[in-house]
Amino acid sequence: MSEQSPFLTPTGSAETKAGETAANLEKLKSYTRVKLAIAAQVRQLSEILQKRNSQPRAAQCQELMVKLAEDRFTLAVLGQFKRGKSSLMNAIIGRNLLPTGVLPLTSAITVLRYGPRERLVVRRAGWALAEEAPVQQLADFVTEKGNPGNAKGVETACVEVPLPFLRRGLEFVDTPGVGSSIEANTATAYGFLPQCDAVLFVTSVEAPMTEVEMDFLRTIRQYVGKIFFAANKTDLLDGNKLLQVLEFTAATLRAHMGGATIRVFPVSSRLALQAKLDGSDHDGFARSGLEDLETDLVDFLTREKSGTFLAAMVEKVVRILDEESLLLDQQMAGLPRVASIEPHTNQSEWADPARCLAALTEIRAALTALRDEIAGREPSAPPPVEVSPRAQDNAAQPVIAGAKGKATQPDITRELRTRGCPVCRHIAQASFTFFSQWQYELAYNAHTRAVFADELGFCPLHAWHLSAISSPHGSSLGYPKLAERIANELAGLAATPQNAAKQVLALVRSPRTCRVCRLLHDEQDIYVRRLAAFLQDGAGRQTYARSQGVCLRHLALLADAGANADLARFLLTAAARRFEELAEDMQSFALKHDAIRRGLQNTDEEDAWRRTLVHLVGEAAVCVPRNPDAEI
């Protein structure tokens, strides 16, 4: 079967091709945007579930993140035992690859996935690492003969093959048939349904639409919106008898699906595979009926797969939300937990069920808006701004220790023992505290990201300070909303670019308006006033005289804060003496270095060069302009 590409355009004029290319690119951008929006909601939900110790559902969220990252679309072949599911898959791929026979397959999932070379990757229950084997050994893992009762504990057997049909993230999955004597097969098939994005449901003309199949189909519809129907083994019936069976099958499915339009594809996987392997039996392939099914599958994969994939992902997230919300409702009502839902160890801010439900409601509202967009409907309300419970208590900013003088009173005597500038050290600690908390908030608190984007981030210096303490992953979580804000601003400026330079520069946060600059400027003023008060008596000045003193910038602020000529004289005298000592220490260090007498160097001499720099310009980690309007 040849694969069509959604990126190929038919022949025509250059204008037509350009228009179609632009339309395809716009669809791709829209798809990517919605996919990333879904991922943001999954990430937020996962954070809540992990904090609440809801590990099974947190693991489900992680699997959804993997599927989104890989663009992995799962098309599963489902049906009753011995309906020819594996044979039909072999016919579609044109290879006698999957084992078939009279005995049922064992309770293992077989996945066909694209790979540059053929190989079999087997995952077993309880094994941390996957096992690689030749594709020819597949039957040893997934058949009752090769693996009776699934004694080998196989969970999935993934066959990687370089088939164009499987490119672009398609997983073609063979599942055990339901209704056989092996109960584990039925359980495995039902258990795989949450992972399905679309389904090829296979019945046969021998005994179409049994009660087992109808029950199975009812459950499938709870998880999957897109279902293809195939009636296999048409080569076993002729003429009117085949027509009657097909009409009965279609009528039964229409009634079961609430009168929806149903197309049942009559196929003979045996004839189709024989024709493909022969390569020249065009009549046999036509009689097999597989061409119509393949055409419909390819059309779906090129035109509808993206929307179906996104819609399926939304429904999977909503299902996880429903399960967690049920538990929270029970906790609030004081009802006993359902046995199938594990108890939680409530942690930190998520100990309150009402608070958690409010957060889940926000996620649900965002998912509802995304669901409407995928379906092409106008959202009933604009998507709400992401708000986490922690942010609701701090609408303006995350909790910042040390801001506005609310920290514990500093121990001036102890802090004067530093070999640098005590004011710089205090500001550096306030800066570290801020960035330590902000980098986490920015990564995991949606409201903080919204505030960050609204404020256009930080000034250049503090943007790099933040990046130094953040991980690439944290930055990648925290900065997209700001980048989107800048993109929108620039797109708006492009319409009237006459005064672009000034408007673009306005998008770069200046020290005057940078949140961190303001915070550290306030911390600096508070500490300088406290230090000036400390120096008002003799004991304080004696302690200061034994210290390294402060840098020139903070010396000026300290002298001004004291508003006292006697204090200013004391500070200047102490600073002059300190710089004289620094000059002597550096010269002694250089002399002993040149004389190859480094063992004679003392501690003061060894770090004199650094202390000189600190007292000239301040600590390297600190840059707080004295004037909020000043540039750095």
Identify, from the list ASP329, ASP322, the residue that is farther than 30 Å from SER30 by Cα, part of a helix (DSSP H, G or I) and of a type in the set (Asp, Glu). ASP329
PHE309, sole failed condition from (1) over 30 Å from GLN44 (Cβ atoms); (2) among the aromatic types (Phe, Trp, Tyr); (3) touching a residue at least 40 places away in the same chain (Cβ under 8 Å): (1)
Any residue in region 240-250 that is in a helix (DSSP H, G or I), under 42 Å from the mean Cα position of the chain (by Cα), of a type in the set (A, V, I, L, M) and closer than 17 Å to MET209 by Cα? yes
Which fully enclosed helices (runs of 4 or more DSSP H) of region 524-615 have 1 or more residues being more than 55 Å from the chain's Cα centre (by Cα) and of a type in the set (Ser, Thr, Tyr)? 565-594
Can you find, within region 431-456, the residue that is farthest from the chain's Cα centre (by Cα) among those that are small (Gly, Ala, Ser) and surrounded by fewer than 20 Cβ atoms within 10 Å (Cβ to Cβ)? SER436
Checked ARG57, ARG52 against criteria (touching a residue at least 12 places away in the same chain (Cβ under 8 Å) and touching a His at 6+ places or on another chain (Cβ under 7 Å)); the one match is ARG52
Which residue out of ARG83, ARG95 is in contact with a strand residue (DSSP E or B) (Cβ under 6 Å, 6 or more places away or on another chain), part of a loop (DSSP other than H, G, I, E, B) and at pLDDT 85 or above? ARG83
Going through region 473-515 one residue at a time, which ones are within 30 Å of THR433 (Cα to Cα), within 27 Å of the chain's Cα centre (by Cα) and surrounded by 14 or more Cβ atoms within 10 Å (Cβ to Cβ)? GLY474, SER475, LEU477, GLY478, TYR479, PRO480, LYS481, LEU482, ARG485, ILE486
Quick check on region 474-519: of everything there that is in a helix (DSSP H, G or I) and either outside the structural domain of ALA453 (by TED's automatic domain parsing) or of a type in the set (Lys, Arg) (or both), which residue is farthest from ALA39 (Cα to Cα)? LYS502
Going through (1) among the aliphatic types (A, V, I, L, M); (2) in a helix (DSSP H, G or I); (3) touching a strand residue (DSSP E or B) at 6+ places or on another chain (Cβ under 8 Å); (4) closer than 15 Å to LEU78 by Cβ one by one, ALA230 fails only at (2)
Please pick out the residue among THR106, THR100, THR74, THR143 that is touching a Pro at 6+ places or on another chain (Cβ under 6 Å), closer than 30 Å to THR249 by Cα and of a type in the set (Ser, Thr, Tyr). THR143
Suppose the filter is assigned by TED's automatic domain parsing to the domain that holds LEU170, basic (Lys, Arg) and not in a loop (DSSP other than H, G, I, E, B); does ARG117 pass it? no
Scan region 215-269 for residues that are modelled with pLDDT under 90 and charged (D, E, K, R) and report the count. 1
With hydrophobic (A, V, I, L, M, F, W, C), modelled with pLDDT of 90 or more and either within 22 Å of the chain's Cα centre (by Cα) or surrounded by 13 or more Cβ atoms within 10 Å (Cβ to Cβ) (or both) as the only criterion, which of ALA359, ALA369 stands out? ALA369
Residue tally, condition out of contact with any Pro (no Cβ under 7 Å at 6 or more places or on another chain) and buried (at least 22 other Cβ atoms within 10 Å of the Cβ), over region 177-195: 1
In region 546-604, what residues are surrounded by 12 or more Cβ atoms within 10 Å (Cβ to Cβ), under 27 Å from ARG530 (Cα atoms) and hydroxyl-bearing (Ser, Thr, Tyr)? SER547
Of everything in region 22-49 that's modelled with pLDDT under 85 and surrounded by 13 or more Cβ atoms within 10 Å (Cβ to Cβ), which residue is farthest from the chain's Cα centre (by Cα)? ASN24
Out of region 410-460, which residues are part of a helix (DSSP H, G or I) and either touching a strand residue (DSSP E or B) at 6+ places or on another chain (Cβ under 8 Å) or without any contact (Cβ under 8 Å) to a residue 12 or more places away in the chain (or both)? ARG414, GLU415
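The values are calculated or read from the model by the stated rules, or taken from the named source; none is laboratory data. Please read all numbers here as calculations on a predicted model, not as lab measurements. Methodologically, a virtual Cβ is constructed for each residue, glycine included, from the backbone with ideal geometry; neighbour enumeration extends over all protein chains shown.
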